[in-house]
Amino acid sequence: GPDTNFSIQKSSGWRLTLFQQLDLKVEDLLQCIKQENIIGKGGAGIVYRGTMPSGLDIAIKQLVGSSSNRGQRDHGFAAEIKTLGRIKHRNIVRLLGYMSNNKDSNLLLYEYMPNGSLGKILHGENGGEFQWERRYKIAVEAARGLCYLHHDCSPLIIHRDVKSHNILLDSNFEAHVADFGLAKYFHGVAADCMSSVAGSFGYIAPEYGYTLKVDEKIDVYSFGVVLLELITGRKAVMNYEDAISLVGWVRKTTKSLSSSSSVLAVVDPNLAGYPLAAVIHLFKLAMLCVDNDSSARPTMREVVHLISNPPT
């Protein structure tokens, strides 16, 4: 069957389930859960970098708050994680396995991405070093990863939390979509924490805010915001105080301008020598993706088609 690579190991109250043949030991993994190994914190938990005795690096995500109403829910969680463990695509971060103990703790094991997140690089002090070609390539790769979740997985997987911090870069700066399929487990865990609103402020499609309606078009909207980040170099939320989102700012700034003037008005000043036609093409696509009317947004399959054929 499809699960021939699954293996289960039990040790010191923990149960380790692996989705592929890897030499990982419960003890080695647990040793990595310490303060100095933290590489990220998000709405869903804390991420640690673990180096195995073999030299393999993995990312260990300690889930928070995934334990309410046990039993039925826990079985659902295990089934869901198995589904995620079957996903193999070069632009999706590979879930290698997970560990759970009888005290409600869950650790998810992912392949490690040494160059961190797109958001961290783009909005860090070296964001300007990310020139157009690399940005465009990342856009294409992330689109392919999301397209796979929407169109090639059965049942389809809605990411629910697409943002530049969930697009991770490997040692060659190739993009991999991360943290998909988890958002629904963390509703109401930390309602005061913005990133737990299934999706993060600045990336949320308007219909989600009004109707809590969730379909794959909410991911398309969020992906459009990521495209705007790549084009403008600005964050999805420009000002928390006044709740100014990047989408709102772009709309206001380009209101009465032609498409080439629009791009020149919002393009990242750090970008040098970019091909204007390609930037305009990506900008138009981004604006289609963030259309307030979800039915007017393209599907991710259409996005991949449009993005893979830029004007030359």
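Where residues in the range 156-171 are out of contact with any Ser or Thr (no Cβ under 8 Å at 6 or more places or on another chain) and not hydrophobic (A, V, I, L, M, F, W, C), which of them is surrounded by the most Cβ atoms within 10 Å (Cβ to Cβ)? Only one residue tops the list, namely R160.
When each of L108, L146 is tested for being surrounded by 21 or more Cβ atoms within 10 Å (Cβ to Cβ) and more than 18 Å from V225 (Cβ to Cβ), the lone residue that passes is L108.
Annotation: K137 fulfils all but one of (1) modelled with pLDDT of 90 or more; (2) part of a helix (DSSP H, G or I); (3) surrounded by 16 or more Cβ atoms within 10 Å (Cβ to Cβ); the unmet one is (3).
Looking at I244, I204, I231, I280, just one residue is of a type in the set (V, I, T) and touching a residue at least 40 places away in the same chain (Cβ under 8 Å), and that residue is I231.
Taken over the range 46-102, residues that are surrounded by fewer than 16 Cβ atoms within 10 Å (Cβ to Cβ), at pLDDT 85 or above and not in a strand (DSSP E or B) amount to 7.
Please go through the range 216-273 and pick out each residue that is within 27 Å of the chain's Cα centre (by Cα), among the β-branched types (V, I, T) and farther than 15 Å from Y203 by Cβ. Those that are within 27 Å of the chain's Cα centre (by Cα), among the β-branched types (V, I, T) and farther than 15 Å from Y203 by Cβ: I231, V263, V266, V267. Scanning the range 283-304 for residues that are over 13 Å from D219 (Cα atoms) and either outside the structural domain of Y203 (by TED's automatic domain parsing) or in contact with a Leu (Cβ under 6 Å, 6 or more places away or on another chain) (or both) turns up just one, L285. Checking G199, G224 one by one, the residue that is at pLDDT below 80 and more than 21 Å from Q62 (Cβ to Cβ) is G199 and no other.
Considering the range 294-312, and only residues there that are at pLDDT 95 or above and in a loop (DSSP other than H, G, I, E, B), the residue that is surrounded by the most Cβ atoms within 10 Å (Cβ to Cβ) turns out to be R297.
When the range 246-290 is limited to residues that are of a type in the set (S, T, Y) and part of a loop (DSSP other than H, G, I, E, B), the one that is surrounded by the fewest Cβ atoms within 10 Å (Cβ to Cβ) turns out to be S256.
The values are calculated or read from the model by the stated rules, or taken from the named source; none is laboratory data. Please read these numbers as outputs of a predicted model, since none were measured by experiment. Using ideal geometry, Cβ is built from the backbone for each residue, glycine included, and neighbour counts are taken over all protein chains shown.
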